[in-house]
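See below for the structure under consideration.
The values are calculated or read from the model by the stated rules, or taken from the named source; none is laboratory data. All of these numbers come straight from a predicted model, not from anything done at the bench. Cβ atoms come from the backbone with ideal geometry, glycine included; neighbour counts cover every protein chain shown. These accessible areas exclude ligands, DNA and RNA; they are computed on the full protein's heavy atoms, side chains included. Shrake-Rupley method; radii C 1.70, N 1.55, O 1.52, S 1.80 Å.
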Amino acid sequence: MVQQPVLATDRLLLRPYTLEDARAVQRLCGDYAVSATTLLPYPYPDGLAEVWIASLNESTERGAAAAFAVTLARDGALIGGARLRIEGDHARGELGFWIAKSCWDRGYATEAARAVIGYGFSALGLHRVYAMHFSRNPASGRVMAKCGMVHEGLLRGHIKKWGVYEDVDIWAILSEQAGLTGPHVSLVPSGVPV
Ligand SMILES: CC(C)(COP(=O)(O)OP(=O)(O)OC[C@H]1O[C@@H](n2cnc3c(N)ncnc32)[C@H](O)[C@@H]1OP(=O)(O)O)[C@@H](O)C(=O)NCCC(=O)NCCS
């Protein structure tokens, strides 16, 4: 069973989700602005957050994911999420992230994504971390660029969202490039209250 650590950055603590996060996840992910550029349903149904958190934690335990609730270090408030979906045979992880709309444009997604990428390379031994975003969501691409990821291409009509075929951009960073962005992360010893 894989033990999920807590990652500390300048302003954030990235910790495993617990079922107590479900109400906040439903409220924040249920925001139309967050749903519109992700595959999250809208409206966000009752009970889904509990199922999602349980499945994320189960995936993490068997090494198929590393999923973190993004919280503010100063008060513990949950403001987002970041995760790697891991394909171990290829030492590859797909990065995904979201931040509550009230907290956009303060650098939180970049800070969290850098930490998770650093964790993927240093602790999980990944070779490649990639991420995709709807082409109409340039803020997400900007986060990926700021994390040192390289734009690899555009997948035309790759995803059908709310009945519309969406173009998707794909970005990636390889382990040998990761030194360019630095680790930006420290592991908090287990037992530290968060
Ligand atoms: C995409 C998202 C995660 C960004 O979170 P964030 O905390 O605001 O990101 P950051 O503050 O770290 O960086 C955002 C960058 O995008 C830029 N940006 C914001 N809106 C933009 C736009 N319309 N066009 C271009 N750049 C934009 C910001 O200026 C900033 O870049 P800068 O630091 O060079 O100024 C957030 O908007 C979100 O959660 N959206 C909904 C869910 C989602 O789309 N998740 C990503 C799925 S791939």
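Data overview
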{"read-out": "Top-ranked residue in the range 92-148 [being touching a Ser or Thr at 6+ places or on another chain (Cβ under 9 Å) and charged (D, E, K, R); ranked as farthest from the ligand (Cβ to nearest atom)]", "value": "Arg128"}
{"read-out": "Test result for Arg156, touching a His at 6+ places or on another chain (Cβ under 9 Å), over 27 Å from Asp31 (Cβ atoms) and of a type in the set (D, E, K, R)", "value": "no"}
{"read-out": "Residue satisfying all of: in the range 1-20; more than 15 Å from the chain's Cα centre (by Cα) and within 16 Å of the ligand (Cβ to nearest atom); most open to solvent (accessible area, probe 1.4 Å) among these", "value": "Asp10"}
{"read-out": "Selection within the range 144-194 - hydroxyl-bearing (Ser, Thr, Tyr), farther than 16 Å from Ala112 by Cβ and modelled with pLDDT under 95", "value": "Ser190"}
{"read-out": "Condition met for Gly88 (on the phi < 0 side of the Ramachandran plot, open to solvent by 10 Å² or more (accessible area, probe 1.4 Å) and in contact with a Pro (Cβ under 9 Å, 6 or more places away or on another chain))", "value": "no"}
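Conditions (1) closer than 22 Å to Ala66 by Cα; (2) among the hydrophobic types (A, V, I, L, M, F, W, C); (3) open to solvent by 30 Å² or more (accessible area, probe 1.4 Å), marked per residue:
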| site | (1), (2), (3) |
| --- | --- |
| Leu124 | yes, yes, yes |
| Pro138 | no, no, yes |
| Arg142 | no, no, yes |
| Ala145 | yes, yes, yes |
| Leu154 | no, yes, yes |
| Gly163 | no, no, yes |
| Glu166 | no, no, no |
| Trp171 | yes, yes, yes |
| Ser175 | yes, no, yes |
